[in-house]
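Since the structure comes first, as structure tokens, the remarks are kept for the end.
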Amino acid sequence: MPPKSKVTLSDSQKYEICLYAQNNTKTRKEYVNWIEQKWNVTVNESTITRILQKSEKILNTEITNPNAKRHKSVVVPELELALKEFILIYQDKAILSEAMLIEKAKQLADGLEVPDGTLEFSAGWLQKFKKHNGIHQQKLHGEASSADLEAINDALPLLKSICENYPLERIYNMDETGLFYRLEPDRTLATHRLFGRKKNKERLSIALCANADGSHKLDPLIIGKSAKP
């Protein structure tokens, strides 16, 4: 067995220690032994004391980087907390950009009366903020956010009452989709970098239809042809 090494514990390890201590009352020495057996590392009893003193904070903090071991202090934590709250509220309602976050941070700084020059609000500052809070650029998928959920919920009772007058086999659902039948894949196998070609976006508009009990599905119906999407 290789010799045990003295290391700094990661965030996930500290979390697991606090969780273990919450359900198992042990002496500091017993915790040290438990850690040695679990991860084959050596820590001081004083380290256990410091971790357990912050147990409530550790257990209630979302771990965005489980392998992180050391953290630089945040200059104005109130501002970072307010900016993250802004993102959590509006990320599902609007397209957020880096420029927008920097401007919002400046507004929050004014509201919190942060002295001028305390923060630079530079691209580097924003990158650190994003890393601290697990914020990444995400690709939007589908169009679900365009749906008016309130209008849908209001219309459901009426739709249900209408459908009650018909058997399931006579209730049909139809949807339209596009088939880009001449669109080439954008990935290929090669020995060097290749330039892409202009995409052929000629498509067919197709309607698909089926009844509610699944007993009858109509064949796809071509309802239009277009050279542009």
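The values are calculated or read from the model by the stated rules, or taken from the named source; none is laboratory data. Just so you know, these numbers come straight off a predicted model, no measurement behind them. Cβ placement follows ideal geometry from the backbone for every residue including glycine, while neighbour counts extend to all protein chains displayed.
With 124, 134 as the choices, which residue is assigned to a helix (DSSP H, G or I) and either exposed (fewer than 12 other Cβ atoms within 10 Å of the Cβ) or modelled with pLDDT of 75 or more (or both)? Talk me through it step by step, then tell me what you get.
Values: 134 fails: assigned to a helix (DSSP H, G or I).
Of 124, 134, the one residue that is assigned to a helix (DSSP H, G or I) and either exposed (fewer than 12 other Cβ atoms within 10 Å of the Cβ) or modelled with pLDDT of 75 or more (or both) is 124.
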Subject >> Failed condition for residue 220, given (1) at pLDDT below 85; (2) out of contact with any Leu (no Cβ under 8 Å at 6 or more places or on another chain); (3) assigned to a strand (DSSP E or B) >> reply: (2)
**OP:** Go through the range 7-29 and give me each residue that's more than 21 Å from residue 57 (Cβ to Cβ) and surrounded by 13 or more Cβ atoms within 10 Å (Cβ to Cβ).
**Re:** 7
Original post:
Among (1) at pLDDT below 85; (2) surrounded by 10 or more Cβ atoms within 10 Å (Cβ to Cβ), where does residue 169 come up short?
Top reply: (1)
**OP:** Among the residues of the range 78-112, write down those that are of a type in the set (D, E, K, R), at pLDDT below 90 and over 25 Å from residue 11 (Cα atoms).
**Re:** 92, 93, 98
